[in-house]
Amino acid sequence: MKKILVPFDFSPASANAYRLALSIARQAKGSVRLLHVVEFPSMPNTVLAPVRQMEEKLLNEFNSKLAPKINAILKANPAKGVKTTVSIEIGSVTSRTLEHAARHDCDLIIIGTHGRSAVREPILGTNAGKILRLSTVPVIIVKGPSTGKIRNIVFATDLQTDDAADVVSKIKQLQRLLKAKLHVVYVNTPAHFETDVASLSKLEKFARRFKLSNCTFDVFNHNSLGEGVVEFAAWKKAELVVMATHRRTGLAHILTGNKAEEVLNRITFPIWTCVVKQKIKSK
């Protein structure tokens with residue numbers, strides 16, 4: 001987590017994301033890149049050269065106009081030893097963010113979002129949701145003010161191990177970096193019920209296989225998988241919830257269909273997601 005990218009629109013939500021990025025970067029001895037994207041209508045390829053000239057002119061104007069606002073943000077949130085770079089680009093927020101992350105080898109994207117409920121702003125329908133679905137690097141979605149101190153991480157899992165190695169490796173890296181405690185949970189629901197003894201046995205095997213340390217293991221019984229994750233995280237006073245995603249679907253690996261959206265929209269603290277590298281099964 002050495003290079004952190006924060007898409008920035010000067011809103012309180014993006015300021016929350018920036019503060020968390022600074023906190024993680026200090027612990028990782030890394031850097032933060034702030035990216036402000038100005039969305040601009042696309043032009044036909046036949047006028048590509050004039051468009052480039054127009055973009056250069058507009059960027060110069062935006063740099064001049066936004067400089068005071070950028071300086072105010074940087075002054076209000078001192079970097080304190082963290083190298084911070086500011087970029088302004090024109091285009092689609094989603095595509096520019098992903099391209100910028102790839103171009104600068106960023107290994108974490110932190111996005112602030114305004115939504116506090118599924119009714120007011122469904123996360124999976126926003127730029128944040130699009131970036132979450134398409135990003136090949138881990139994404140943290142920040143939905144409210146964050147102290148930047150992450151001491152408790154909740155990792156909800158379905159205990160499937162075939163494609164979990166890469167995800168667990170990233171989680172262990174983040175846990176070591178933040179010196180946090182990991183709370184691994186399996187949410188037991190009536191639809192997929194099994195005894196606590198059976199679930200705990202699987203949890204122990206999961207922990208041994210991936211050599212997890214400084215962690216707890218719980219079976220949490222609930223009528224709803226999504227609500228179970230939210231309530232368990234609140235019970236553990238987690239500052240971060242980890243979910244794994246399949247790039248093919250963009251939905252949480254431990255949650256199917258609208259259950260992923262349920263968690264994303266209801267939870268109030270940061271959510272860390274990373275892509276599961278699916279194995280290709282031979283025929």
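Taken together, the values in this text are just the output of simple stated rules run on the coordinates, not laboratory data. Predicted model, so just to flag it, every value in this text is computed and none were measured. Note that each Cβ is placed from the backbone with ideal geometry, even for glycine, and that neighbours are counted across all protein chains shown.
List, in the order given, every pair from Lys143/Lys205; Lys75/Lys179; Lys3/Lys205 whose Cα-Cα distance in the structure shown is over 30 Å.
Lys143/Lys205; Lys3/Lys205
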Residues with amide H under 5 Å from that of Asp9, placed H, sequence gap 5 or more: Ser14
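Please list 70-80, 4-14, 99-109, 203-213 highest first by mean number of surrounding beta-carbon atoms within 10 Å per residue. Numbers along the way, then the final one.
Details: 70-80: 12.3, 4-14: 20.5, 99-109: 17.5, 203-213: 14.0.
Ranked from most to least packed, the peptides come out as 4-14, 99-109, 203-213, 70-80.
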Burial ordering of Ser135, Ser146, fewest other beta-carbon atoms within 10 Å first: Ser146, Ser135
With a point put 7 Å past each Cα toward its Cβ, work out how far Thr136 is from Ser201 in nm, to one decimal. 4.1
What is the distance, in nm, between label points placed 7 Å from the Cα along the Cα-to-Cβ direction at Trp235 and at Ser11? 3.3
Which residues' amide hydrogens lie under 5 Å from the amide hydrogen of Lys181, considering only partners 5 or more residues apart or on another chain, with H built in the peptide plane? Asn152, Ile153
